[in-house]
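The structure under discussion appears below in the form of structure tokens.
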């Protein structure tokens, strides 16, 4: 396991840490039994109970004979919340204890997984008052791969590439959209920049199958601006719920390959990244030209000005629609509160500086001006490579 000995942003040496909760970048602990025991000890410690020696022995035997162990519902819920608390790239971890957990480990069919995902969308969206939620399906084993949801998120927009190279929709989803089209998915008769992709679900022993997402399970927000009326003419919209579905839950001795989880958006995720990135919707030139046709040729800060107005429009629209959203300055302050609370509890906070710092106004955010320990700890969410 390669662990850096210096923080890349401060040059300060990292304190040695031999904790079995550490893992490599794929989420694999050096010793699964030791990692499982560490989890059980942490479960007892944070729940103010005495470690159960019989449970430790049972878990060790299950791992040695079967390669994994079945967590109790209470252990699973604790693992899910710890995975959020340990998520190095997430700035919203202050609310990790509010995560609701749906135990769907006994759902084994593709149809059942799809129905549970739709139930997840409805429950987490909650009419706009977003409820953080995770739904956990069956774990994988040494000889039995777990189920997979191949979509990056439960809600994503299609990306269509025309023969002349022009794009409609989300360029990040062009390959996946082409895969679904080849599998027989029929998009809307009139394609748009915001066509919701079906879910592609795979269960052990079967080929992946796609399931269209019912429109009434998806809450979308039309994007307008508080002062610039022409923003409505752009016909932009975005879905209210970010529900990540391409990451496995690694707990040390157990790995759940399908565990979609959702919270609420930080405004820059949509405005700066989804809408603003050149390899995504690339809307900054369009917005700049609508602000002033001469802006791009005369003002070196045209991207900054367009980005601020786009961010203002997204935040205004979500608030107007009554959908939970946080701005990046508030999220930064909340994360600093989280750091202080965890320090008081004597717990380390892993972090990835390049993800925690907002994509706009970075140095105006308190998270910019400090270093973080980038080492992975279990439980954690680990990216599952998308199959082609």
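Results, tabulated for the structure shown:
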| quantity | calculated |
| --- | --- |
| Tally, over segment 47-69, of residues that are exposed (fewer than 14 other Cβ atoms within 10 Å of the Cβ), in a loop (DSSP other than H, G, I, E, B) and in contact (Cβ under 8 Å) with a residue 24 or more places away in the chain | 1 |
| Condition check for residue 36: within 13 Å of residue 250 (Cβ to Cβ), modelled with pLDDT of 90 or more, crowded, with 21+ Cβ neighbours inside 10 Å and under 23 Å from the mean Cα position of the chain (by Cα) | no |
| Strands (runs of 3 or more DSSP E) contained entirely in segment 102-206, each with at least 3 residues that are within 27 Å of residue 78 (Cα to Cα) and touching a helix residue (DSSP H, G or I) at 6+ places or on another chain (Cβ under 7 Å) | 133-136 |
| Test: residue in segment 91-100 that is in contact (Cβ under 8 Å) with a residue 24 or more places away in the chain, assigned to a helix (DSSP H, G or I), under 20 Å from residue 121 (Cβ atoms) and out of contact with any helix residue (DSSP H, G or I) (no Cβ under 6 Å at 6 or more places or on another chain) | yes |
| Within segment 351-388, tally of residues that are crowded, with 16+ Cβ neighbours inside 10 Å, under 30 Å from residue 208 (Cα atoms) and in contact with a helix residue (DSSP H, G or I) (Cβ under 9 Å, 6 or more places away or on another chain) | 4 |
| Qualifying position, being more than 14 Å from the chain's Cα centre (by Cα), within 26 Å of residue 170 (Cβ to Cβ) and surrounded by fewer than 17 Cβ atoms within 10 Å (Cβ to Cβ), among 129, 148, 122 | 122 |
| Some residue of segment 228-238 being buried (at least 19 other Cβ atoms within 10 Å of the Cβ) and within 23 Å of the chain's Cα centre (by Cα) | yes |
| Residues that are assigned to a strand (DSSP E or B) and either outside the structural domain of residue 201 (by TED's automatic domain parsing) or surrounded by fewer than 24 Cβ atoms within 10 Å (Cβ to Cβ) (or both), drawn from segment 244-277 | 244, 247, 248, 255 |
| Among (1) within 29 Å of residue 370 (Cα to Cα); (2) surrounded by 24 or more Cβ atoms within 10 Å (Cβ to Cβ) - the single one residue 343 does not satisfy | (2) |
| Residue 348 vs. criteria surrounded by 15 or more Cβ atoms within 10 Å (Cβ to Cβ), under 18 Å from the mean Cα position of the chain (by Cα) and either touching a residue at least 40 places away in the same chain (Cβ under 8 Å) or under 30 Å from residue 253 (Cβ atoms) (or both) | no |
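The values are calculated or read from the model by the stated rules, or taken from the named source; none is laboratory data. Worth saying up front: this structure is predicted, and the values here are computed from it rather than measured. So basically every Cβ, Gly included, is an ideal-geometry build from the backbone, and we count neighbours across all protein chains shown.
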